[in-house]
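Trainee: Below you'll find the structure I mean.
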Amino acid sequence: MGLPHGEPRRSFSYKETFRRLIRPLARVLSAIRVRPDALSVTGWVLSVGAATLFALGYTKTAGGVVLLAGFFDALDGAVARESNRMSDFGAFLDSTLDRLSESAIFVGIIFFYAASSRPYEVLLAGLAMAFSLMTSYTRARAEGLGLKCEVGLLERAGRVVILSLFSLTGFLTAGVALVAGGALVTTAQRILYVRRLTKT
């Protein structure tokens, strides 16, 4: 049976998978009154640390820190739901820090490639950064119009997993290329989806 007309075809959500896995921990942190905003800030600090490690050439270590930062990114929302502390400012702060975190990581990667005199990789990382931010912007802009826009091949959680795992295994450039391609496709999917919904 096909989906009803206008119903988005949901892609696999890494973030939703993380939420299920970390729910028991989220309940514990909620019980001891850990603030979701503190977890958001911790994830951002870890991302800045990962960016610094990338810039210095410690790409494998940076990959591990990116994965840890992504864990905190999933954890803050889970704790907010468990503790019933969901708020407009909390959602705004989380989204803003997510964009700052992603930008910082790519800036670190770009610096690493530039310092290594690898201009094509610099360009690739720049494209990955641009399209990654565009996937988030297209969704936010659609939601600003009152449209749900959760379609797409590669959400932020997937980008984090790809970048961290490929960095840990020593294939950073391949990971950056996958993120760039996946983010480009996702951006296009969301533009076409909103176009379809708004077409008169």
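The values are calculated or read from the model by the stated rules, or taken from the named source; none is laboratory data. As the structure is a prediction and not an experimental result, all values here were calculated from the model. Here the Cβ is made from the backbone with ideal geometry for all residues, glycine too, and neighbour counts use every protein chain on show.
Trainee: Only one of ALA51, ALA114, ALA62, ALA26 is modelled with pLDDT under 85 and out of contact with any strand residue (DSSP E or B) (no Cβ under 8 Å at 6 or more places or on another chain). Can you tell me which?
Mentor: Values: ALA51 fails: modelled with pLDDT under 85; ALA114 fails: modelled with pLDDT under 85; ALA62 fails: modelled with pLDDT under 85.
So the residue among ALA51, ALA114, ALA62, ALA26 that is modelled with pLDDT under 85 and out of contact with any strand residue (DSSP E or B) (no Cβ under 8 Å at 6 or more places or on another chain) is ALA26.
Trainee: Name the single residue that is surrounded by the fewest Cβ atoms within 10 Å (Cβ to Cβ) among those in region 100-145 being of a type in the set (Val, Ile, Thr) and closer than 15 Å to ALA62 by Cα. Break it down stepwise before answering.
Mentor: We begin by selecting, within region 100-145, every residue of a type in the set (Val, Ile, Thr); these are 105, 107, 109-110, 122, 135, 138.
Applying the additional criterion that residues be closer than 15 Å to ALA62 by Cα yields 105, 107, 109-110.
Values: ILE105: 31, VAL107: 17, ILE109: 29, ILE110: 22.
It comes out as VAL107.
Trainee: Let me ask you something else. Answer with yes or no whether GLU121 is of a type in the set (Asp, Glu) and modelled with pLDDT under 90. Break it down stepwise before answering.
Mentor: Details: of a type in the set (Asp, Glu): yes; modelled with pLDDT under 90: no.
Considered against the rule, which asks whether it is of a type in the set (Asp, Glu) and modelled with pLDDT under 90, GLU121 comes out as no.
Trainee: For region 166-178, indicate whether the set of residues that are closer than 27 Å to LEU75 by Cβ and β-branched (Val, Ile, Thr) is non-empty.
Mentor: There is at least one residue in region 166-178 that is closer than 27 Å to LEU75 by Cβ and β-branched (Val, Ile, Thr).
Rundown of residues vs (1) within 14 Å of the chain's Cα centre (by Cα); (2) aliphatic (A, V, I, L, M); (3) modelled with pLDDT under 90; (4) over 23 Å from GLY43 (Cβ atoms), yes/no style:
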residue: TYR137; (1), (2), (3), (4): yes, no, no, no
residue: LEU145; (1), (2), (3), (4): no, yes, yes, yes
residue: GLU150; (1), (2), (3), (4): yes, no, yes, no
residue: ARG156; (1), (2), (3), (4): yes, no, yes, no
residue: THR169; (1), (2), (3), (4): no, no, no, no
residue: ALA177; (1), (2), (3), (4): no, yes, no, yes
residue: LEU192; (1), (2), (3), (4): no, yes, no, yes
residue: LEU197; (1), (2), (3), (4): no, yes, yes, yes
residue: THR200; (1), (2), (3), (4): no, no, yes, yes
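Trainee: Which one is surrounded by the most Cβ atoms within 10 Å (Cβ to Cβ) among residues in region 76-97 that are closer than 18 Å to LEU25 by Cβ and touching a Gly at 6+ places or on another chain (Cβ under 8 Å)?
Mentor: It comes out as ASP76.
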